[in-house]
Amino acid sequence: MKNSIPLIAFLLLLSIGLFASQIVEAKPSAADGDFHTYFPLISRPIPPTWIGPEGGKIVSMVIDPIHPDTLYAGTWGVGVFKTTNGGTDWYTVNNGLGNTFIYSLAINPLQPDILYAGTYRGKLYKSLNGGASWFSSSEGIQAEAIVYAIAINPVNPNQVYIATRGISNNGNPPWNGIVYRSMDGGASWQIVLKDVPSLYQQDWAYALTILPTSPKYIYAAMHESGILYSDDYGISWYTANEGLPNEGGDIRSTRDIVIDSSRNPFYAFTGFWHGSGVYKSTDNVSAWIPTDTSIAGVKIIRLTLDPNQTDTIYLSTQSYHGIIKSINGGDQWFQSGLPDKIIWNVIVNPQNSQVLYSGTDAYGVYKSTNAGSSWFHAQKGILNLSSTGVVTLLGDPNLLYVSTLGQGVLKTNDHGNTWSEYNLNLNDRSIHALVQHPTNPGLVYALGDTGGLYSTNISLGDGWTPSSVGLPTTGLSISAFEKGHPFSSISVVDEEVSEPVFKTGTNTPTVAYNPLLCMSFAPSNPNIVYLGTAGAGIYKSSDGAASWSPAGLTGQSIWSLAVDPVDPKLVYTATDTPGGVKVSHDDGIVWEDLSIGTLKVYSLVFSNSFPATLYAGTSSGLYQWVEGFGWVNRGLAGKNVTVIATRSSNPNTLYIGTDDGTYTYDKNSYAWITGPAELLGHTIQAINFDLNHDVKGYFSTSAQGVLLAQIK
């Protein structure tokens, strides 16, 4: 008997479930009695696994000049990735990195284990060991600095310059554009350029370049003021705009500047954001002349000079022109790959000009081994996609579909080992949700950002069909979620200063559909469906999503919908108004307030128990509607509850997603369990369950794809 005790204990642990990682105290409302419940610490026998898809925003890249198979990629939300085998495999190097939105990277040319990472509103970090660990290197830098560019003196690498912008005063000038210099390798910083006059006060630099042959010369590409330069290590500054075009209001929006110092006088190239093309100087930036004007209208974000063949230049573009190349110093430009992608950077192997790398806006890292004639993915291990939902097909346990913001819908036939696009006839690459038909789960709907509603039969796998008859269209660029919503993304371009907001992965048409955010079938009658939009209220279908008509709340954004399990005319919605729960008893003809004070409400769901109970995920915890009491707080005060999911096989449990991981909630015992720990710090955008394996849960995150975890 004594020998059986350890075995019994082990089996008991296996049977409990897999969500817990720490003890959490649940504090029910006084309406439930004054008591506390604790759930014990338990183990997870099957570790949670990030299954992809791979890709995402690669905003900055650097290559080791001595060992060029080593590269670093700065992502938008997951920090820094590193490869030591030329992009075959990548892994994160984020230890000590306090901000994972990486705008710029720089590598010490003499000691390439020394790196700098500039962040979005998190100042600057430094590594002394090839990214193995990082520490803040921001003494003297303004609060919440965006670090757009980092330039290292190639002769004296302890001298470093950074281009920053600070707090923008609630979206209005001054913008606090400041260039700093460090003389001690980033230990301290001093201002060398600020208060540059422009149409918008305190202009800022997007790029900095140091003249290698005479590093006292520093050049800055400014947001509005064109090119500035210093000839005394940044102490004094002058304009160098002779010949550069005036884009209106004395604006010259240069985005980058590169220098060919192999010539005397040296050559320089600068690219424009508002479509003025690329300009070239052959006389130490005394004057500029236009290059081949065939690229007029192209938005240029960065220029890359081949260090071995300096007549070869690559342009990273952000207007779906992909990579543009010249082999004769800009006299002619031609397309050089990835034409339907937004490109953030091109990196040339300093020891082999045939080998290139490119970081894209949503599609990760590409590599070329023939100087850009062809490209292939080189991003194994880079998980930086914003995923919004997962669907499975009953009878095929290896088949998954994932919706993303940037790559549309992706499909795997081997449970996440490899992925391919499932976008045939899908005219949108930003999908806010996938919704399965309640009685025919092979029928799946995709809710687009600008392309409307689409449907597909995943059992056939033959692509998508538009289902948008009657849905609203708009000629405006509408953000799906307001600033401050947990699902609102931080834009890499500066929308707060009138820069265009990109719909990643596809051009926004002149007239687009309003973003579609949520969709709910009536459980008692699946022919009745409600659809929530951004900015155009609710739409209803009475023919199973074949056609649509308005159902109220015009002009509002609808963040969640819940239809009563018995009465299809009784529908609840969470809107973008404070406390914003509303209810209609008549198919959406009349709406009444059911507000939760002034809280924001992000998610609504009915429990699978009988009788069903309505729950709301808010900007400060989970709430339950209790007859006679109204809304009652059930815990997680202070947390943004973004997702509430339920399963019919476990009607007493709610699965909760927040902007800082996940929880389960037992509505009978009021017990809370945290986990998996891998999701801490992540915003959960959807929780879905596998139709083939009841214990498999898929957690879609805003920045790292999908986590598979065993659930209770």
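If a residue has to be charged (D, E, K, R), touching a strand residue (DSSP E or B) at 6+ places or on another chain (Cβ under 8 Å) and surrounded by fewer than 21 Cβ atoms within 10 Å (Cβ to Cβ) to count, how many in region 567-619 make the cut?
Let us first name the residues in region 567-619 that are charged (D, E, K, R), namely 567, 569, 576, 582, 586-587, 592-593, 600.
Within this subset, residues satisfying the condition of being touching a strand residue (DSSP E or B) at 6+ places or on another chain (Cβ under 8 Å) are 569, 576, 582, 587, 592-593, 600.
Now narrow it down to the ones that are surrounded by fewer than 21 Cβ atoms within 10 Å (Cβ to Cβ): 569, 576, 587, 592-593.
Count: 5.
Based on what the data block shows, is Thr312 touching a helix residue (DSSP H, G or I) at 6+ places or on another chain (Cβ under 9 Å), buried (at least 19 other Cβ atoms within 10 Å of the Cβ), of a type in the set (Ser, Thr, Tyr) and closer than 28 Å to Asn370 by Cβ? Criteria not met by Thr312.
Does Asp340 count as more than 24 Å from Leu105 (Cβ to Cβ) and either among the aromatic types (Phe, Trp, Tyr) or modelled with pLDDT under 95 (or both)? Break it down stepwise before answering.
Details: more than 24 Å from Leu105 (Cβ to Cβ): yes; either among the aromatic types (Phe, Trp, Tyr) or modelled with pLDDT under 95 (or both): yes.
Considered against the rule, which asks whether it is more than 24 Å from Leu105 (Cβ to Cβ) and either among the aromatic types (Phe, Trp, Tyr) or modelled with pLDDT under 95 (or both), Asp340 comes out as yes.
Does Asn370 satisfy the criteria of being polar (S, T, N, Q), under 25 Å from Thr84 (Cβ atoms) and assigned to a loop (DSSP other than H, G, I, E, B)?
Values: polar (S, T, N, Q): yes; under 25 Å from Thr84 (Cβ atoms): yes; assigned to a loop (DSSP other than H, G, I, E, B): yes.
Taking the combined requirement at face value, the residue satisfies it.
When you scan region 214-229, how many residues do you find that are touching a residue at least 60 places away in the same chain (Cβ under 8 Å) and assigned to a loop (DSSP other than H, G, I, E, B)? Number of matching residues: 2. Kindly establish whether Asn633 is more than 30 Å from Lys483 (Cβ to Cβ) and among the polar types (S, T, N, Q). Taking the combined requirement at face value, the residue does not satisfy it. The residue of region 110-134 that is nearest to the chain's Cα centre (by Cα), among those that are surrounded by 24 or more Cβ atoms within 10 Å (Cβ to Cβ) and in contact (Cβ under 8 Å) with a residue 60 or more places away in the chain, is Leu124. In region 168-183, the condition of being touching a Gly at 6+ places or on another chain (Cβ under 7 Å), surrounded by fewer than 17 Cβ atoms within 10 Å (Cβ to Cβ) and either farther than 26 Å from Lys82 by Cα or of a type outside the set (S, T, N, Q) (or both) is met by no residue. Could you grab me the full set of residues in region 620-660 that are part of a loop (DSSP other than H, G, I, E, B), under 25 Å from the mean Cα position of the chain (by Cα) and surrounded by fewer than 21 Cβ atoms within 10 Å (Cβ to Cβ)? Result: Ser620, Gly638, Lys639, Asp660. Contact map, region 697-710: residues that are free of Cβ contacts under 8 Å to residues at least 60 places away in the same chain paired with residues that are hydroxyl-bearing (Ser, Thr, Tyr) and buried (at least 24 other Cβ atoms within 10 Å of the Cβ), Cβ distance under 8 Å, separation 6+ or inter-chain. Pairs shown: Gly697/Tyr655; Phe699/Thr662. Quick one: would you say Val529 is β-branched (Val, Ile, Thr), farther than 13 Å from Leu447 by Cα and in contact (Cβ under 8 Å) with a residue 24 or more places away in the chain? No; evaluated as a whole, the condition is false for this residue. Against the conditions (1) in contact (Cβ under 8 Å) with a residue 24 or more places away in the chain; (2) in the same structural domain as Ile323 (by TED's automatic domain parsing), Leu356 satisfies every one except (2).
Has region 226-247 got any residue that is on the phi < 0 side of the Ramachandran plot and under 30 Å from the mean Cα position of the chain (by Cα)? Even if it seems obvious, please write down each step before you answer.
Step one: list which residues in region 226-247 are on the phi < 0 side of the Ramachandran plot, which gives 227-232, 235-242, 244-247.
Filter once more, so that each one left must be under 30 Å from the mean Cα position of the chain (by Cα): none.
No, that holds for no residue.
For beta carbons closer than 6 Å, sequence separation of 6+ or different chains, a first residue in region 84-109 that is touching a residue at least 60 places away in the same chain (Cβ under 8 Å) and under 19 Å from Lys123 (Cβ atoms) and a second that is among the aliphatic types (A, V, I, L, M) and assigned to a loop (DSSP other than H, G, I, E, B), the qualifying pairs are Thr100/Val78. Taking the criterion of being surrounded by fewer than 19 Cβ atoms within 10 Å (Cβ to Cβ), free of Cβ contacts under 8 Å to residues at least 24 places away in the same chain and assigned to a strand (DSSP E or B), would at least one residue in region 668-686 satisfy it? Within region 668-686 (the criterion being surrounded by fewer than 19 Cβ atoms within 10 Å (Cβ to Cβ), free of Cβ contacts under 8 Å to residues at least 24 places away in the same chain and assigned to a strand (DSSP E or B)), the answer is no, since none of the residues qualifies.
Taking region 373-389 as the range and being part of a loop (DSSP other than H, G, I, E, B) and surrounded by fewer than 24 Cβ atoms within 10 Å (Cβ to Cβ) as the test, the residues that pass are Ser373, Ser374, Trp375, Ala378, Lys380, Gly381. When region 443-465 is filtered for residues that are surrounded by fewer than 17 Cβ atoms within 10 Å (Cβ to Cβ) and either modelled with pLDDT under 95 or part of a loop (DSSP other than H, G, I, E, B) (or both), the ones remaining, listed by number, are Ser459, Leu460, Gly461, Asp462, Gly463.
The values are calculated or read from the model by the stated rules, or taken from the named source; none is laboratory data. Here the structure is a predicted model, which is why all the values come from computation and not from measurement. Positions of Cβ are generated from backbone atoms using ideal geometry, with glycine treated the same way; all protein chains shown enter the neighbour counts.
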